Amino acid sequence: MTDSPVSPAEILVVDDDEATRVFVAGLLRQQGYAVAAAANGADALAAARERRPDLILLDVMLPDADGFALCRQLRASPATDRIPVIFLTAKGDEPEIVRGFESGGVDYIVKPFAVTVLLARVRTHVTLSQLSRGLYTALDERSERLQQANRRLRELNVEMATVEERQRRQLAQQLHDTTIQQLVLARILVEGDADLTQRREQLVGLLMDSIKQLRSLVFELSPPLLREGGLYQALAWLAEDMREQWGLDVVCEPCGAVPVLADALAVTLFQGTRELLINAAKHAEATRAVLRVSCDGELLSISVSDDGRGFDPQVLGDRVADRPLGTGAAGAGFGLDSLRSRMELLGGRLELANARVRGAEARLEIRLGAV
């Protein structure tokens, strides 16, 4: 494989004297430069805007323009403000030189000039121009990447606010459908005319179930095991809870020590894993799942493999908001896009794949050094 050829630097020579213009252009071409020429200010301005050369050699005295004024015009335009200008002047006295620098020129050459001086100054300023252009290009690209990152961050903030609101609604619905309903039934039994001694066992059962549900919700919102025993112990508890609440047989397989994680990351990984398991049981109709936790010191990975019906092929790899895992319909929970966004906000990612025969795997990955 060969390197692509590098384009020669281009120089615009502006001089109303044809002999000087032809001589300088020929001299520069012998040195390997690409050369364009103009005999007046209007043509010079048009050529500079169209070609954007690496350097302009500009005669101070032109038939239709003052070279200093023309240089100020070049500096005033975003298309030409970075092109260096070397003045060709017949005077070379101090006031003339000062005017040249004040109008935006980078150097001057006094006529008649020595060829070696001309080539040395051209070579120096072409090199500086190319280095400067490369630096500006890199800065522009970096600025664009930063703007894209800021736009994505704003999008993620909106998505996170949506996720939090959805979680609040889900929690309220769960409390209403289970705990509150059981407590209302207990109140009806207490306020009834029947002998409470006959209802004691039923009342105790309702109260115990309500307490258990409230404890489970509290644990899910802020798992104490995350602070006391770490992520793996919290996930092991989650595996047991999934068997009791959803009938999903979850096998929890650790692989390597899991380091102590920041609270935001630990809670996100715990809640994300919970959503993956719930969706496997609820939407993918899985009966068994394997929860694997692995960490090599740099990459932390949590995968959920199930024997369910798998993901809709249309959603694999897509970013579809509010679409629950394992199904193409809308529903509660993080949703594919919301879970991806939360992981992305922390510097991680979510990967989804279907098994060859039956089942699917969802994987949460994050590089610990990026958090």
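Each reported figure results from applying straightforward, stated rules to the coordinates on display, with no laboratory input. Everything quoted here is computed from the prediction, not taken from an experiment. Please note: Cβ atoms are built from the backbone with ideal geometry, for glycine as well, and neighbour counts cover all protein chains shown.
Listed values for segment 80-94 are Karplus-derived 3J(HN,Hα) couplings in whole Hz (6.51 cos²θ - 1.76 cosθ + 1.60, θ = phi - 60°), namely 10, 5, 9, 7, x, 10, 10, 7, 9, 10, 8, 8, x, 7, 4, and x replaces Gly and Pro.
Couplings 3J(HN,Hα) of segment 294-310, computed from phi: 9, 7, 9, x, 10, 10, 9, 10, 10, 10, 10, 10, 10, 9, x, 8, x Hz, in residue order, whole Hz [Karplus 6.51 cos²θ - 1.76 cosθ + 1.60, θ = phi - 60°; x for Gly and Pro]. The convex hull drawn around the Cα atoms of segment 68-146, when projected onto a plane and averaged over every direction, covers 5.9 nm². As a proxy for reagent exposure, V267, V14, V117 were ordered by neighbouring Cβ count within 10 angstrom, fewest first; the result is V117, V267, V14.
For K111, a cut-off of 29 angstrom between C-alpha atoms picks up these lysines, skipping any fewer than 8 places away in its own chain: K91.
What FRET efficiency do you get for L27 and Q148 if R0 is 56 Å and r is their Cβ-Cβ distance, rounded to the nearest 0.05? Once rounded, the FRET efficiency stands at 0.75. Report the label-to-label distance for M61 and E201 in nanometres (one decimal), using points 7 Å from each Cα along the Cα→Cβ vector. Here the modelled spin labels are 11.9 nm apart. Summarised as an ellipsoid, segment 1-73 has semi-axes of 25, 15, 8 Å, derived from the eigenvalues of the Cα gyration tensor scaled by 5 and square-rooted, with the largest first. The charge dipole of segment 10-113, taken about the Cα centre with unit charges on the Cβ atoms of Lys, Arg (+1) and Asp, Glu (-1), comes to about 320 debye, rounded to the nearest 20.
Ordering I109, T124, A79 by the projection of their Cα atoms onto the charge dipole of segment 1-148, which places +1 on the Cβ of Lys and Arg and -1 on the Cβ of Asp and Glu, puts T124 at the extreme positive end.
The slack in the chain from A19 to S77, taken as 0.36 nm per residue of separation less the alpha-carbon distance, amounts to 17.9 nm.
From least to most packed, judged by other beta carbons within 10 angstrom and beginning with the fewest, L196, L276 follow the order L196, L276. Report, ordered by chain and residue number, the lysines lying within cross-link reach of K282, taken as a straight Cα distance under 29 Å and ignoring same-chain residues fewer than 8 apart. Filter leaves K212. For q = 0.29, 0.32 Å⁻¹, what log10 I(q)/I(0) does segment 58-103 give under the Debye formula with an equal point scatterer on each alpha carbon and no solvent? Treating every Cα as an identical point scatterer, log10 I(q)/I(0) equals -1.13, -1.25. Pair-distance distribution P(r) for segment 26-117, from all Cα-Cα distances in 10 Å bins starting at 0: 16, 52, 30, 2 percent.
Converting phi to 3J(HN,Hα) with the Karplus coefficients 6.51, -1.76 and 1.60 and the offset θ = phi - 60°, segment 45-59 yields 5, 5, 5, 5, 6, 7, 9, 6, x, 7, 7, 10, 9, 10, 6 Hz in sequence order, with x at every glycine or proline.
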